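Step one of this worksheet: look at the structure below.
The values are calculated or read from the model by the stated rules, or taken from the named source; none is laboratory data. None of the values given here were measured: they were computed from a predicted structure. Methodologically, a virtual Cβ is constructed for each residue, glycine included, from the backbone with ideal geometry; neighbour enumeration extends over all protein chains shown. Accessible surface areas use protein heavy atoms only, side chains included; no ligands, DNA or RNA. Shrake-Rupley method; radii C 1.70, N 1.55, O 1.52, S 1.80 Å.
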Amino acid sequence: MSTNMTGATYSIVPLYYGRFPSYEKSVLQMMTDYGKKVDSPAMGYLIQGNGKNILVDTGPGEQEALAKLHPGLEIDFPIEANVINALAEKGVKPEDIDAVIWTHLHWDHCYNGEKFPATTPFYVQEAELNYAINPLDMHINVYESPKGGMMPGWMPVIKQLRLVKGDMKLADGIDLLFTPGHTPGGQSVLVNTVDGPYLVAGDTVMQYENWEGKGALRHLYSTAHVNLLDFEASLKRLDELNAFILPGHDYKVFEHKTYPACAE
Ligand SMILES: [Zn+2]
Ligand SMILES: [Zn+2]
């Protein structure tokens with residue numbers, strides 16, 4: 001472990017928000033295992049250090065309402081796993097959060113904003129917000145878009161949104177990287193740690209299986225995407241970072257309570 005790094009360093013705590021008990025695997029890893037169902041978690045990450053608590057993704061909302069909005073999709077989002085309770089388990093209160101980053105605005109990532117103080121800023125790519133408001137018809141449901149007459153999870157905090165255009169330095173040692181493909185305005189979070197760069201990838205990397213690739217494929221896309229050329233460019237960009245990857249929907253992440261794991 002390097003000890004001579006300059007600048008702020010952080011630790012990253014994965015947060016469990018509930019699960020999709022029977023999710024179609026070929027959606028997570030495109031063109032693989034058609035018809036196979038897997039249990040997949042909804043997740044967020046808490047970045048701590050330099051006197052700051054920064055939350056990445058706020059997870060899904062209330063089980064009953066979501067079950068109505070997404071019939072046919074098995075979901076299990078108990079109140080104990082709601083972001084506020086997930087943070088409480090780590091000893092963190094909503095008012096302790098300095099900033100929230102939304103990797104993208106799919107419904108399982110962007111509820112609960114109104115449970116944080118009215119002064120909390122929410123960082124999201126402008127391209128993502130635009131698409132969430134006016135998506136292709138086939139994506140209306142995954143955004144719970146107002147285009148389809150729905151009220152998306154992010155709507156209650158619309159006045160607290162900080163719209164990001166491309167890459168942005170959020171704090172010393174924390175960078176937002178524009179990584180479209182899964183969605184038009186996806187962003188990942190590059191975090192400096194005592195163990196080098198770590199990347200909270202959002203759904204640009206759904207699971208480690210996506211990152212590890214298969215056969216001749218260096219990485220696997222997810223079937224949930226808007227543009228495979230953008231997806232490929234984003235994955236190439238992540239390759240060049242030489243960062244430790246923290247994916248968007250993988251139980252393996254919970255093998256450690258905090259990252260870098262050597263800090264435990
Ligand atoms: Zn997504
Ligand atoms: Zn997701």
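Structure notes:
- For the stretch 157-211, average projected area of the Cα convex hull in nm²: 4.9 nm²
- Once the gyration tensor of the Cα atoms in the stretch 169-255 is diagonalised, the equivalent ellipsoid follows with semi-axes of 20, 16, 12 Å, ordered largest first.
- Entries of 214/257; 25/252; 115/165; 165/236 with Cα pairs more than 18 Å apart: 214/257; 115/165; 165/236
- Pairwise Cα distances in the stretch 112-264 exceed 21 Å in 51 percent of cases.
- Local net charge near residue 82, Cβ-Cβ under 15 Å (Lys/Arg +1, Asp/Glu -1): -4
- Cα gyration tensor, the stretch 90-187 - rounded (a/c under 1.5), prolate or oblate: oblate
- The gain in end-to-end length when the residue 237 to residue 258 segment is fully stretched comes to 5.1 nm, 0.36 nm per residue minus the alpha carbon separation.
- Inter-centroid distance (Cα atoms) of the stretch 128-149 relative to the stretch 150-215, Å: 19 Å
- Per residue, the chain exposes an accessible area of 44 Å² to a 1.4 Å probe, with every protein chain left in place.
- The stretch 11-255, Rg to Rh (Cα coordinates; Rh as Kirkwood inverse mean 1/r): 0.93
- Cα centroid separation, the stretch 57-107 to the stretch 38-53 (Å): 11 Å
- Whole-percent carbon and sulfur share, accessible surface of the chain, 1.4 Å: 54 percent
- Gyration tensor (alpha-carbon) shape descriptor, the stretch 216-264, a/c threshold 1.5: prolate
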